[in-house]
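Q: Below: one structure in C-alpha cells.
The values are calculated or read from the model by the stated rules, or taken from the named source; none is laboratory data. Keep in mind the model is a prediction, meaning the values are calculated, not measured. Note: ideal-geometry Cβ built from the backbone for every residue, glycine included; neighbour counts use all protein chains shown.
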Amino acid sequence: MAHSKAKTVADYLGELPDDRREALTEVRRAILDNLPEGVVEAMNWGMISYEVPLETFPDTYNGKPLMYAALASQKNHMAVYLTTVYSDSELEDWFRERYAETGKKLDMGKSCVRFRKLDDVPVDLIGETIAKVNLDEFLAISRAARG
C-alpha cells in the first residue's frame with residue numbers, strides 16, 4: 001500500500017498483511033512509549049503520523065500540523081520517518097553511529113528508515129531516537145529551518 005485512505009490508525013493497521021501489521025505495531029509501540037508530551041498520533045498524509053497539533057503550533061508553511069515522525073507501509077518496504085534526525089545533523093550522526101553498532105544494515109533516505117521485516121530495524125533505537133528531542137526543541141529546530 002503506497003497511500004492509505006484509512007481514517008484511523010486501527011483501520012490503517014487492519015488493512016495490512018499480518019507480518020507488516022505485527023512489525024508496524026511493534027515499532028508504533030516504541031514510538032508511543034517514547035513520544036514527547038505535546039506530540040500526538042494521527043492519520044495524515046496516508047500514514048500514521050506523530051505531529052504537533054495546529055493548536056500548539058499553527059504557523060506552518062502548508063497549514064498542516066508539523067510532522068515529528070511517521071510510520072508507513074509502502075509498496076516494497078515499511079518505513080519510519082524521523083524528521084528530528086533529518087533536521088539535526090548532530091542527531092543524524094549519532095543515529096547513524098548507534099545504528100551501525102546494532103549490526104543491522106541501515107537503509108535510510110533523508111528522514112526515512114526503510115525496512116522489509118521487523119528484524120531489519122532496531123526498535124529500541126527508534127524509541128530512543130524519538131525520546132531525544134522534546135517538543136520545545138523540535139519547535140525551535142522547525143523555526144530555525146524556516147528562517
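Residue by residue, here is whether (1) buried (at least 19 other Cβ atoms within 10 Å of the Cβ); (2) among the acidic types (Asp, Glu); (3) in a loop (DSSP other than H, G, I, E, B) holds:
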residue	(1), (2), (3)
LYS7	no, no, yes
ALA10	no, no, no
ALA23	yes, no, no
ARG29	no, no, no
ILE48	yes, no, no
MET67	yes, no, no
ASP93	no, yes, no
LYS110	no, no, yes
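Q: Right, here's the next one. Take GLY38 and tell me if it is modelled with pLDDT of 95 or more and either closer than 22 Å to THR8 by Cβ or in a loop (DSSP other than H, G, I, E, B) (or both).
A: Values: modelled with pLDDT of 95 or more: yes; either closer than 22 Å to THR8 by Cβ or in a loop (DSSP other than H, G, I, E, B) (or both): yes.
Spelling it out, GLY38 is indeed modelled with pLDDT of 95 or more and either closer than 22 Å to THR8 by Cβ or in a loop (DSSP other than H, G, I, E, B) (or both).
Q: A further question on this structure: In segment 89-107, is there at least one residue being within 13 Å of the chain's Cα centre (by Cα), under 24 Å from ARG143 (Cα atoms), at pLDDT below 95 and of a type in the set (D, E, K, R)? Let's see the steps before the verdict.
A: To start, the set of residues in segment 89-107 that are within 13 Å of the chain's Cα centre (by Cα) comprises none.
For segment 89-107, residues within 13 Å of the chain's Cα centre (by Cα), under 24 Å from ARG143 (Cα atoms), at pLDDT below 95 and of a type in the set (D, E, K, R): absent.
Q: Continuing with this model, one more query. Which condition does HIS77 not pass, out of (1) closer than 21 Å to ASN44 by Cα; (2) in contact (Cβ under 8 Å) with a residue 40 or more places away in the chain, if it passes all the others?
A: Result: HIS77 fails condition (2) only.
Q: So which of ASN62, ASN76 is surrounded by fewer than 12 Cβ atoms within 10 Å (Cβ to Cβ), in contact with a strand residue (DSSP E or B) (Cβ under 9 Å, 6 or more places away or on another chain) and farther than 20 Å from LEU35 by Cβ?
A: Details: ASN62 fails: in contact with a strand residue (DSSP E or B) (Cβ under 9 Å, 6 or more places away or on another chain).
Matching residue, one of ASN62, ASN76: ASN76.
Q: For ARG28, indicate whether it is in contact (Cβ under 8 Å) with a residue 24 or more places away in the chain, of a type outside the set (Ser, Thr, Tyr) and closer than 13 Å to ALA70 by Cα. Walk me through how you get there before you give the answer.
A: Numbers: in contact (Cβ under 8 Å) with a residue 24 or more places away in the chain: yes; of a type outside the set (Ser, Thr, Tyr): yes; closer than 13 Å to ALA70 by Cα: yes.
It is true that ARG28 is in contact (Cβ under 8 Å) with a residue 24 or more places away in the chain, of a type outside the set (Ser, Thr, Tyr) and closer than 13 Å to ALA70 by Cα.
Q: Could you figure out which of (1) under 19 Å from PHE115 (Cβ atoms); (2) of a type outside the set (Phe, Trp, Tyr); (3) outside any loop (DSSP other than H, G, I, E, B) isn't true of LYS75?
A: The one condition LYS75 does not meet is (3).
Q: Moving to a separate point now. Every residue in segment 95-108 that is surrounded by fewer than 21 Cβ atoms within 10 Å (Cβ to Cβ) and part of a helix (DSSP H, G or I), please.
A: Restricting attention to segment 95-108, the residues satisfying the condition of being surrounded by fewer than 21 Cβ atoms within 10 Å (Cβ to Cβ) are 96-108.
Matches in segment 95-108: ARG96, GLU97, ARG98, TYR99, ALA100, GLU101.
Q: Only one of (1) among the hydrophobic types (A, V, I, L, M, F, W, C); (2) modelled with pLDDT of 95 or more; (3) in contact with a helix residue (DSSP H, G or I) (Cβ under 8 Å, 6 or more places away or on another chain); (4) farther than 23 Å from GLU137 by Cβ is not met by ALA30, so which one is it?
A: Looking at each condition in turn, ALA30 falls short on (4).
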